[in-house]
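Note sheet for the following structure.
The values are calculated or read from the model by the stated rules, or taken from the named source; none is laboratory data. Note that the coordinates shown come from a computational prediction; the quantities given were computed from them, not determined experimentally. For neighbour counting, all protein chains shown are included, and Cβ atoms are generated from backbone atoms with ideal geometry for every residue, glycine included.
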Number of protein chains: 2
Amino acid sequence: MTTGRGAADIELLVCMTCRRAGVEPPADTREGATLFAALAEAAGPDGPRVVPVECLSNCRAGCTVALRGPGRWTYVYGALHEVEHVATVLDGAARYAAAPDGLVPWRERPEHFRRNCVARVPPPTPVLEKPE
Amino acid sequence: MTTGRGAADIELLVCMTCRRAGVEPPADTREGATLFAALAEAAGPDGPRVVPVECLSNCRAGCTVALRGPGRWTYVYGALHEVEHVATVLDGAARYAAAPDGLVPWRERPEHFRRNCVARVPPPTPVLEKPE
């Protein structure tokens, strides 16, 4: 079992409400839910914790996922295909897990991640306590 | 001094590297840095903690800010003007601070926030510890 600052600390959030842009007529099952199920099955025990989220607010460019973990930058990626990008997302998650601060060098990221990063947010800012 | 779960807990992250879309030729000072300075000055002691960030990775639609706080959803907003939207951002931050989970009803958000939410990320997922 993986322990410490490896993939066990990593959350892979998957937007369940995403519809993939361009799918007409809308599918009965939202593409985000399909992506979640595929990632949850494929992640395996050494992979990230796959967590369903109601909406990551990237509705114009779904499907959408986010990677986060303690002490790490959070990254949001969009324009994902619910079948074709499952391996890509898990590859990107593994690289993210291998970087202690979540900062994967740009050239080492999957190409889809390079082109479809929606936003990133830094780890919590240290607060300097004033002496009483 | 504000204590507890009020604005003192809120971080308003401001991307310092943002250039506002459509500014030609590029300004000597990046619009993100101008927005940060304006927000830091205007926030006041009861406002959010204004934190400079190197890049929030919303480079196509700057300027960009993010709101976050303990136990709250994190929201990223883009397409901000470094002068015209200072009051809008602080208004949105105050409404965010007033919502314990950071979820401000859609109709109560500033109109710019409604139209320019780039992404949101939930608060940390509770981990259920297994008994040993």
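The condition of being within 20 Å of B:Gly102 (Cβ to Cβ) and either touching a helix residue (DSSP H, G or I) at 6+ places or on another chain (Cβ under 9 Å) or within 12 Å of chain B (Cβ to nearest Cβ) (or both) does not hold for A:Leu103. For the criterion of being closer than 23 Å to A:Val14 by Cβ, within 14 Å of the chain's Cα centre (by Cα) and among the charged types (D, E, K, R), B:Arg120 passes. For beta carbons closer than 7 Å, sequence separation of 6+ or different chains, a first residue in the range A:104-116 that is closer than 13 Å to A:Leu67 by Cβ and touching a residue at least 60 places away in the same chain (Cβ under 8 Å) and a second that is surrounded by 12 or more Cβ atoms within 10 Å (Cβ to Cβ) and among the aliphatic types (A, V, I, L, M), there are no qualifying pairs.
For B:Pro25, state whether it is more than 11 Å from the chain's Cα centre (by Cα), more than 17 Å from B:Gly102 (Cα to Cα) and either surrounded by fewer than 15 Cβ atoms within 10 Å (Cβ to Cβ) or hydrophobic (A, V, I, L, M, F, W, C) (or both). Answer is yes for this residue. The requirement of being assigned to a helix (DSSP H, G or I) and more than 13 Å from the chain's Cα centre (by Cα) is fulfilled nowhere in the range A:65-84; no residue meets it. Filtering the range B:36-59 down to residues that are closer than 24 Å to A:Gly78 by Cβ and touching a Leu at 6+ places or on another chain (Cβ under 9 Å), which residue is surrounded by the fewest Cβ atoms within 10 Å (Cβ to Cβ)? For the range B:36-59, the residue satisfying everything is B:Val53.
Look at A:Leu103 and say whether it is modelled with pLDDT of 95 or more, assigned to a loop (DSSP other than H, G, I, E, B) and farther than 27 Å from B:Met16 by Cα. No, not satisfied.
Being more than 12 Å from chain A (Cβ to nearest Cβ), among the small types (Gly, Ala, Ser) and touching a residue at least 60 places away in the same chain (Cβ under 8 Å) is a condition met by at least one residue of the range B:85-94. Counting only residues that are free of Cβ contacts under 8 Å to residues at least 12 places away in the same chain, of a type in the set (Ser, Thr, Tyr) and more than 14 Å from chain B (Cβ to nearest Cβ), the range A:22-69 holds 1 of them.
Considering the range A:108-129, and only residues there that are modelled with pLDDT of 95 or more and away from chain B (no Cβ under 12 Å), the residue that is nearest to A:Ala21 (Cα to Cα) turns out to be A:His112.
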